[in-house]
Amino acid sequence: MDKSTAELWVKIIAIMGFIGAALGLIGGLMMLFGGTFITSLMPTFDQSLESIGGAAVLTAVFVISGILAIALSIFAFIVALNLWKHKNWARIVEIVFAVLGIVSGITTFPWGIVNLIINGGILYLLAFNKNVIKLFK
């Protein structure tokens, strides 16, 4: 693999990071602003959770999950942007993300096979391919 091909693969991984961050941000905003709406559609949950606060607890869980998803999406966007700029710390963080994705794919096998393949490829390119590693030095 030559330098231009290695750079193309890094750009593709960064674009996948941008897409993942955007989807996470959309999901986080939906949880943040749609939590009350979702709990109003579930009267059975409201009755079963009545002893601990009912819909208020479920809404709080949605809001906290939404805030966490938005924060993680912002971090993923920053990592993808710095991967695009060939920052070595972003490569290391992306390697950690790929390892976590591989573990997730193993625990959900056989449904996680696509996850295993994609994250395995990312791990190989960023951690073991000499031409890609040279881009980050």
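The values are calculated or read from the model by the stated rules, or taken from the named source; none is laboratory data. This one's a predicted model, so the numbers in the text were calculated from it and none came from an experiment. We place every Cβ from the backbone using ideal geometry, glycine too, and count neighbours over all the protein chains shown.
Worth a mention:
- Being under 11 Å from the mean Cα position of the chain (by Cα), of a type outside the set (Val, Ile, Thr), at negative phi and part of a helix (DSSP H, G or I) holds for only one residue in 60, 56, 69, and it is 69.
- Answer residue from region 105-126, given it is of a type in the set (S, T, N, Q) and modelled with pLDDT under 95 and is surrounded by the most Cβ atoms within 10 Å (Cβ to Cβ) among those: 115
- Per the conditions (1) of a type in the set (Ser, Thr, Tyr); (2) loosely packed, with under 15 Cβ neighbours inside 10 Å; (3) within 29 Å of residue 31 (Cα to Cα); (4) modelled with pLDDT of 95 or more, the sole criterion not satisfied by residue 73 is (2).
- Of all residues in region 79-98 being β-branched (Val, Ile, Thr) and surrounded by 15 or more Cβ atoms within 10 Å (Cβ to Cβ), the one that is nearest to residue 132 (Cα to Cα): 95
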